[in-house]
Amino acid sequence: MPIVERHLIEQWLRAWCLSRRLPLPVPYGSGFKVEVGYPDQQARYVFPSFSEEVIALAETIHEPHIFLKICNAPPNLSALLPGRWVVQPEAAMMSCFHPMRGVMPALPAGYIPETEQYPATQVLRIICRESLELAAVGRLVITGDLAVYDRICTTAAHQRKGLATILMRELENLALTQGVSKNLLVATAEGRLLYERMGWSLYCPYSSVVIPG
């Protein structure tokens, strides 16, 4: 298993909070806690590695919608925690510490870009000109020397047109203009394939458990 740097997880989590306009993370033992406040996610604890500390915390929590997020969790994670915890589909924390790979595609006809900024966050949207519906969206947050990509999404009706690739490359350009070429994101299994084609690699597996409501 790769060694996960705690300070890098803190930078990523801070950016995740800024992107979603949430309170910033606070230290919690070897990891961090975020008071999220969503109906389906009240709080999250994020740990750079699995340890007895995670097990002890899981034993004290009985409320639903509190997530434990763990880098490099063991494959038998569910057996190590009380039975009320349910393992979620595994994600991948991915890194790209060099320019992304591939040629920047042109924006297809019929789409227009739209940008928005709020504190520390830059949002890029791609809009369908005809219907004015959102076709794709992504966010970039820079914390120190790290660029974090968040909520990269293409709606079903507009997939397979290269829009996600365009989003990623345009967000990368925004980071490069600020002298930042160290990139991090968390991907689903489906999204991971796109990022690997662009030169990203697995930084560490990223597991989640929660007590369902």
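When the chain is treated as a Gaussian network with alpha carbon springs shorter than 10 Å, the biggest mean-square fluctuation among T165, T177, T115 belongs to T177. In summary, the lysines within cross-link reach of K69, defined as a Cα separation below 18 angstrom excluding same-chain residues under 8 places away, comprise K33. If only the Cβ of Lys and Arg carry +1 and only the Cβ of Asp and Glu carry -1, the dipole of region 1-86 around its Cα centre is close to 300 debye. Coupling constants for region 7-18 follow from the phi torsions by the Karplus curve (6.51 cos²θ - 1.76 cosθ + 1.60, θ = phi - 60°), and in residue order they are 5, 6, 5, 5, 4, 4, 5, 4, 5, 4, 5, 5 Hz; glycine and proline get x. DSSP assigns beta bridges within region 45-137; of those with both partners inside it, close to 80 percent run antiparallel.
Relative contact order, whole percent, for region 137-206 stands at 33, derived from Cα pairs under 8 Å and 6 or more residues apart. Cut-off 10 angstrom, C-alpha nodes, Gaussian network model of the chain. Which of I70, I142, I166 fluctuates the most? Maximum among the listed residues: I166.
Of all the options A147, A15, A106, the one that moves most in a Gaussian network model of the chain with Cα springs shorter than 10 angstrom is A106. Taking 7 Å steps out from each Cα toward its Cβ at Q178 and E63 produces label points 3.3 nm apart.
For region 60-213, relative contact order (Cα pairs under 8 Å, six or more residues apart, normalised by length) works out to 41 percent.
No value in this document is a laboratory result; all are computed from the given coordinates. Here the structure is a predicted model, which means the values were calculated and not measured. Quick reminder, even Gly has a Cβ in these numbers, built from the backbone with ideal geometry, and neighbours come from all protein chains shown.
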